[in-house]
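What follows is a short report on a single structure.
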Amino acid sequence: MILVDEPLWPGRGCLWSHLVSDVSFDELHAFAEMLGAPRKAFDRDHYDIPEFRFRPALWLGATLLPSRDLASRLRTAGLRRPKHLSPKRVLPARP
């Protein structure tokens, strides 16, 4: 099932939501593609989506849940990827 929280997280001049799946990352990526969310918006186990994609996500069938419930559903599904366990991003060397 695709889940989304309300756009409450400020950044870059707008509010953001989290989009997750409690089934699989394949389901999440397919839904995000239908929503028009770029792959670079994927962060470990969720997509960060701007507030203008929130209502379309609901229209496409995402279920609205509080943020704490999203994290709980990810953990229960075994899909939670905490930051400290994620591979480190390697930044390119400066010239």
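Coordinate-derived values only; no laboratory data. None of the values given here were measured: they were computed from a predicted structure. Virtual Cβ from ideal backbone geometry, glycine too; neighbours counted across all protein chains shown.
What to note about this one:
- At most 11 other Cβ within 10 Å, DSSP loop - trypsin sites (Lys or Arg not before Pro), region 3-51: 12
- Gain upon complete extension [residue 55, residue 29; 0.36 nm per residue less C-alpha separation]: 7.6 nm
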